[in-house]
Structure formats: C-alpha cells, structure tokens
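Enquirer: Just passing along the structure, written as structure tokens.
The values are calculated or read from the model by the stated rules, or taken from the named source; none is laboratory data. Keep in mind the model is a prediction, meaning the values are calculated, not measured. Here the Cβ positions follow ideal geometry from the backbone for every residue, glycine too, while neighbour counts run over all protein chains shown. These area figures cover heavy atoms from the full protein model, side chains too; ligands, DNA and RNA do not enter into them. Shrake-Rupley method; radii C 1.70, N 1.55, O 1.52, S 1.80 Å.
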Amino acid sequence: LPHMMPPKNIVATAMDALDVSNENHLVVYGTEGCMFTARCFYTIRGMGHDADKVHLMQGSLAEWIDKKGSIDTDPVKAISAADLNLSAEAKYQAKDATSMVDMQTVLDVVNAEDSADSIVVDARGAARFKAEAPEPRDGMRGGHMPGSFNVPFADLLDPDDPTKFKRADELKAAFEKGGVDVST
C-alpha cells in the first residue's frame, strides 16, 4: 500500500538510481514546512542503512540558506517508479524493515496475557483517532484499537517549523498528554 514501508528491493533499486551506497553518510532534509522528512529518515534507517551514517537535519533548506550554507544549483534528474529496473540486481543492500511488525504480531502482543506491559501508540490526528474525521483512504473505518493511546505525530513537531522536533521536555509532555507514562 502507498502508505506502508516499501519492500527492500524497491528501496535498494531507488538508492541505486540515486547513486547512494551503503557506505554513504546521509543527511535528510526538506523544504520549509515539510513534515515528511522524518518519514524519509525513518524509512532509510528502517531499511538497514547504518544508524551512524544517516541523520535527520533539524531545520529546512531555507534555514540552511539563511545560515549561509552552500547551495548547488546544478540540475539533477528526479527519479520516478517508471525509472526503476526491479529485475536488475541492486548494489545497495537494503534489509527487511526493522522495528516494523505485521498485523498478526500486533494482535499477539495486544492479546497476550502480559499485554499490560505493552503500549500501542496511534500517531494519527486526534479527530481520526476518535472517528470524528474521515479516513483519507477508501474503505478504512474510523476509530482506534481498544486500549491504544493517541500521540499525534504533528504534536511532536515544532508548530512554527515542522522540519524540527520539539524539545525533549515538550516531547515528554506530548506523550503524557496522550496518556503514555514516560517516567521510566
């Protein structure tokens, strides 16, 4: 599905098309107001790129420019799905997504006898969590898993610049507001 973690062969082929190797040190950034840079960062990390070699820049390209960071204006070719040759053996070695689980694993955790030790956090907006707003994808029912907590992803981002996460104390407050005990 378009909103899920992509298969490793697609990630590997896309990295090859971008001329990215497993040895490259990557910094993920975006344009001002873009809240999806974190998703790109977590996708790259989740697909096995060395954690010491991939970082999320706190701030936007506009802030980089404001701080006199150098800029390259040479044209680059954007890639699309049609450009990817999925039958070719990829040089980039992506892994099966880490820290991702399938639906059966979630069901097993939630239904286990010791499920009191488990916490399920729903990162959607509060209105979708409460089924007060429609789901953006056809056929999805509104609401949430029984016993889950709602910590909207947008509540973790700086409201003035969603390319940055909030300070640690504000992140803690967002989780506590969602009912998640972060004291341990």
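Enquirer: With the requirement that a residue be at pLDDT 80 or above, open to solvent by 90 Å² or more (accessible area, probe 1.4 Å) and among the small types (G, A, S), what does region 103-134 give you?
Expert: none
Enquirer: Considering every residue within region 155-163, establish whether at least one is touching a Gly at 6+ places or on another chain (Cβ under 7 Å), open to solvent by less than 50 Å² (accessible area, probe 1.4 Å), within 30 Å of A17 (Cβ to Cβ) and of a type in the set (S, T, N, Q).
Expert: yes
Enquirer: Still on this structure, please answer the following. Considering region 1-30 alone, what residues qualify as being outside any helix (DSSP H, G or I), small (G, A, S) and open to solvent by 30 Å² or more (accessible area, probe 1.4 Å)?
Expert: Answer for region 1-30, where residues must be outside any helix (DSSP H, G or I), small (G, A, S) and open to solvent by 30 Å² or more (accessible area, probe 1.4 Å): just S21.
Enquirer: Hey, among G33, G48, which residue is within 18 Å of the chain's Cα centre (by Cα), on the phi > 0 side of the Ramachandran plot, small (G, A, S) and exposed (fewer than 12 other Cβ atoms within 10 Å of the Cβ)?
Expert: None of the others qualify; the one that does is G33.
Enquirer: Further question on the same structure: Considering only region 146-157, I want to know if a residue exists there that is in contact with a Cys (Cβ under 7 Å, 6 or more places away or on another chain) and of a type in the set (S, T, N, Q).
Expert: no
Enquirer: So, of the residues in region 164-184 that are surrounded by 11 or more Cβ atoms within 10 Å (Cβ to Cβ) and part of a loop (DSSP other than H, G, I, E, B), which turns out to be nearest to the chain's Cα centre (by Cα)?
Expert: K166
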